[in-house]
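To start, the structure under review is shown below, and the notes come after it.
Each value in this text was obtained by applying a stated rule to the coordinates, not by laboratory testing. Being a predicted model, the structure only gives us computed values, none of them experimental. We place every Cβ from the backbone using ideal geometry, glycine too, and count neighbours over all the protein chains shown.
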Amino acid sequence: MQQQTRNISQMSFRAIERSARNLILICLILTAASVQAQISTSVDTTNIRIGEEIKYSIEVVADSTDLVLFPEGQSFQPLEMIESYKVDTTYEQAKYRLIKKYGLTQFDSGAYTIPPQRIAINDKVFSSDSIFIEVADVPVDTTKQKMFEIKPAITVGGSSFNFLKFLYWLLPILVLAGIGWYLFRKKKQREAEEIQLPPYEEALVSLQKLDESNLLSRNRSKDYYSQLTEIVKRYLDREIDETALESTSDELIERLQLHKDAGNFEFDQETIQKLDQILKRADLVKFAKLELNQVQASADRGAIEEIITDTHEAVPEPTEEELLQNEIYAQEQRRKRKQKRIVYGSLATLLVLILTTVIFGSVYGWGKLKDNVIGHPTKDLVEGQWYRSEYGIPSVVLETPFVLKRLDEELPQEIAEAVKSNRFFAYGSLLDRFYVVVSTTEFSQPLEGELDASLEASLRSFEAQGAKNLLVKKEAFETGKGVKGLKAYGSFESDNPFVKGYDTQNYEMFVFGQQGALQQVIIAWLDSDPYAEQMIERIRNSIELEVQTAQQAKK
């Protein structure tokens, strides 16, 4: 019976325990449900176009004592957060309603999902619902949108900066600035020398200015004593001891005592003691902030004037020899100052030139800098004056930076009989690394294949002058006015007379044939010359010919 009662009691206890556990679980679920219900999310739209903004809102209802933390940073991937707005807080039924908004966007079309966001309330973390978003392309009507052709690439010219011209402007400015600075310093020095009074008179004038400053009436004892001691020290520095200005009070008194003991000056011991007392009071006023009445300050000022006067009377008048030595010393000092200014000015100018050279050499290249400052023969020709001239009969019109010189050329006997006239004009030679030739030849009878033959003869002439490894290419050529001819071009090697080795040169030959006449232009230049191509192109484009008619050729 007792066993049965015990079993019933155990069963009743388990039933009560299960009921309590279920009740707690239900309470927890209800509590969690109620907290979950406090959080909600929304968007202002679920369909946007590329780049448009979505307003994503998180709303939380919480007690005033709850700590609520909203998401921070880029936690909305694959969407991008472009702005995080401030939290909007309102009071509602003894609770706070917190609304946090985010600006989101996406720059690619497609379907996206805003992932659940984590919101922390006190020590618990909750997740929001995910939201589906569609991003559409921006429609473009190509029938109404005006279309344009792709623009061709254009060649941008190099910098038009001319360092040499800049240097021409910079150097005069620097020179003028240096001269102006020198004259200004010289004027200031002359004014200082003219204004500076003798030591005794300067000290009395300074004391008078101190009286007029009214520093004592304005309770500025420190400034008053600073100027007072500076006046007496400057006087002693100029008249007695040249280290007085930078000496302390004790050092100055000690040096004056040494001068007295050595018999250099007839100082009164009472004068030295009086100065010592004033300097010590001045140190207390300046450094220990001692306050002295105006009576004491005025007395010290009078004592300083007496000390200066007594010292001035104690100083012997300089002899003529001492005056001469002082003048010589002053002249030597002026010479040293002048020499120092010259040295400093030269160093400053040199430093400016070095800095300018380094800057422009780094920016525009050392080769270009050298060519602009020192010069380059071909560059000077390109940028110099050009001449448009006619050469020979029938004439060849050519534009060059120089005038070609007429030369006499002997023709072989077998050719001379068929030639009526031959004119030969040249500038330089193959050894000069720049060579221009113009020749015009009139024949008694028209010749067959004279253009190719003339080119072959010119090439053999190159080889005779030392050209090696001659490369030849041929093509048709036409002048700007439509006169047709033949062009040969290529390269060759020639001995360098200054160093062992070869130089590579380029060449172009132009041959034109007409009624019984042959006109030829030959140009050769150094392959490594950076400015030659500009000159060659201008010469090539300027070639024009006088075209003979059949009647002119007979005459």
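Order of 472-480, 273-281 by packing, highest average Cβ count within 10 Å first? Provide the component values of the computation, followed by the final result.
Details: 472-480: 12.3, 273-281: 17.4.
Most protected by this proxy first, the peptides run 273-281, 472-480.
Using a Förster radius of 56 Å, what is the FRET efficiency between THR309 and SER346 based on their Cβ-Cβ separation? Nearest 0.05, please.
Values: r = 48 Å, r/R0 = 0.86.
E between THR309 and SER346, to the nearest 0.05, is 0.70.
Taking segment 168-248, which trypsin sites (Lys or Arg not before Pro) meet the DSSP loop condition and have no more than 15 other C-beta atoms within 10 Å? List each step's numbers first, then the result.
On the way: sites: ARG185, LYS186, LYS187, LYS188, ARG190, LYS209, ARG218, ARG220, LYS222, LYS233, ARG234, ARG238; in loops: ARG218, ARG220.
Here the sparse-neighbourhood loop sites are ARG218, ARG220.
For ARG406 and GLN93, calculate 0.36 nm times their separation in residues minus their Cα-Cα distance, and state this gained length in nm to one decimal. Please report the intermediate quantities before stating the final value.
Details: separation 313, 0.36 × 313 = 112.68 nm, distance 11.33 nm.
Roughly 101.3 nm would be gained on extension.
Please compare each pair in LYS187/LYS289; LYS379/LYS500; LYS55/LYS95; LYS151/LYS473; LYS151/LYS484 to a cut-off of 32 Å on the Cα-Cα distance and tell me which ones are over it. The partial results should precede the final answer.
On the way: LYS187/LYS289 42 Å; LYS379/LYS500 26 Å; LYS55/LYS95 25 Å; LYS151/LYS473 35 Å; LYS151/LYS484 34 Å.
Those over the limit are LYS187/LYS289; LYS151/LYS473; LYS151/LYS484.
Please work out how much length the chain gains when fully extended from PHE265 to ASP123, using 0.36 nm per residue of separation minus the C-alpha to C-alpha distance, in nm with one decimal.
In short, 41.8 nm is gained.
GLU332 to ARG218: extension gain in nm, 0.36 nm per residue of separation minus the Cα-Cα distance? Could the numbers behind the result be given before it?
Working: separation 114, 0.36 × 114 = 41.04 nm, distance 4.63 nm.
The GLU332-ARG218 span can extend by a further 36.4 nm.
How far apart, in nm, are the 7 Å Cα→Cβ label points at ASP495 and LEU471?
The two pseudo-label positions are separated by 2.4 nm.
If I take R0 = 35 Å and measure r between the Cβ atoms of ILE354 and VAL382 in this structure, what FRET efficiency does the formula 1/(1 + (r/R0)^6) give, to the nearest 0.05?
Values: r = 29 Å, r/R0 = 0.83.
About 0.75, to the nearest 0.05.
What is the calculated FRET efficiency for GLN227 to SER84, with r their C-beta to C-beta distance and R₀ = 45 Å, to the nearest 0.05?
Details: r = 65 Å, r/R0 = 1.44.
Approximately 0.10, to the nearest 0.05.
Could you rank the peptides 116-123, 258-265 by their average count of other C-beta atoms within 10 Å per residue, with the highest value first?
Numbers: 116-123: 14.9, 258-265: 12.4.
Descending mean neighbour count gives 116-123, 258-265.
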